Ligand SMILES: NC(=O)c1ccc[n+]([C@@H]2O[C@H](COP(=O)([O-])OP(=O)(O)OC[C@H]3O[C@@H](n4cnc5c(N)ncnc54)[C@H](O)[C@@H]3O)[C@@H](O)[C@H]2O)c1
């Protein structure tokens, strides 16, 4: 039985509690949250013990799950890692690059498992592509949300765009060559809306727009590669693949087009999406990596790399 302690039982922390309850081999020892109202609600609804001493909770657990505002990630992570506990920390890994570097070093020294909550890696619309060879040369992303004060302790780059940066860095096996970026702070002191172009050494270009001041929600990524177009709708959980039809393609919608190279048949496929709870999947994957001594799917280095690009973007925006 692995013992879990949850730090932060606000909006997302409660989703974590609900999921931990359903994972086999897990015992929730308790939670720590300085907010008395949040704590009262959780004690009443979940019957889980509230700890008033952070160290006592950490000492009583194997896993510390950190779901506190981003500007507290470093402090809570360091305490848990220094005590040799496995850590699941919500995205982004932390707030600043020196903090991220220090955490990577601490995790290495403590020899524990860390996973960062880049939950889109577990989105069923993305998982539906697992058997496809992805080698995008052009990526277009829109991640738009309505304004919500939660998450505004950091810019829209660290709050929302970080999800797409993590996915893109895991897909494009090449170093970043140049970044152009612009952004505007409208409702907070940091960019609330931003547009970014990232060029990679292998020629791939990613164009990302993120906003937390939109009227409508959207979470779409479009990948263009030599043989196909792939559309991923993270919000609606739909995936579309359009490519030249191959003789082995069965049961796909197809149509012919005349091209200078003769008639081509285009196939449109919508892979079957397996309904799944992405938060439960990421927490289960974390437990599996601990029990079977595997690499976590989004480890501290992945978290650091996404932060590094995010901060390059923020520097570009600040220079503009
Ligand atoms: N993966 C995702 O898609 C996703 C979505 C939303 C939020 N998040 C991340 O989750 C984290 C929490 O976001 P939220 O929306 O739940 O925020 P929230 O404000 O609703 O909840 C945060 C809770 O943490 C508590 N807290 C503050 N400092 C603490 C500390 N030192 N120790 C313990 N508890 C503390 C607060 O009292 C509050 O109850 C943020 O890092 C955010 O980026 C990730």
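The values are calculated or read from the model by the stated rules, or taken from the named source; none is laboratory data. A quick note: this is a predicted structure, and the numbers were derived from the prediction, not measured. Every residue, glycine as well, gets a Cβ built from its backbone with ideal geometry; the counts of neighbours run over all protein chains shown.
Residue count for the stretch 59-74 under the criterion of being surrounded by fewer than 18 Cβ atoms within 10 Å (Cβ to Cβ) and within 11 Å of the ligand (Cβ to nearest atom): the result is 3.
Residues being more than 15 Å from the ligand (Cβ to nearest atom), surrounded by fewer than 19 Cβ atoms within 10 Å (Cβ to Cβ) and at pLDDT below 95 are represented in the stretch 107-130 by at least one member. Checked against (1) assigned to a helix (DSSP H, G or I); (2) more than 24 Å from residue 223 (Cα to Cα), residue 313 passes all but a single condition, namely (2). Residue pairs whose Cβ atoms lie under 7 Å apart, separated by 6 or more positions or on different chains, with the first residue in the stretch 156-169 and within 11 Å of residue 210 (Cα to Cα) and the second within 10 Å of the ligand (Cβ to nearest atom) and in a helix (DSSP H, G or I), are 158/70; 163/120. Taking the stretch 162-189 as the range and being touching a helix residue (DSSP H, G or I) at 6+ places or on another chain (Cβ under 7 Å) and within 14 Å of the ligand (Cβ to nearest atom) as the test, the residues that pass are 162, 163, 165, 166, 167.
Each residue in the stretch 78-99 was checked for being away from the ligand (no atom under 14 Å from the Cβ) and surrounded by 19 or more Cβ atoms within 10 Å (Cβ to Cβ), and 3 pass. Residues in the stretch 131-149 that are touching a helix residue (DSSP H, G or I) at 6+ places or on another chain (Cβ under 6 Å) and either within 16 Å of the ligand (Cβ to nearest atom) or not assigned by TED's automatic domain parsing to the domain that holds residue 221 (or both): 141, 143. If the condition is being surrounded by 14 or more Cβ atoms within 10 Å (Cβ to Cβ) and over 17 Å from residue 56 (Cα atoms), then the stretch 1-11 contributes 9, 10.
Residues in the stretch 12-58 that are in contact (Cβ under 8 Å) with a residue 60 or more places away in the chain, surrounded by 18 or more Cβ atoms within 10 Å (Cβ to Cβ) and under 27 Å from residue 148 (Cβ atoms) were compared, and the one that is nearest to the ligand (Cβ to nearest atom) is 16.
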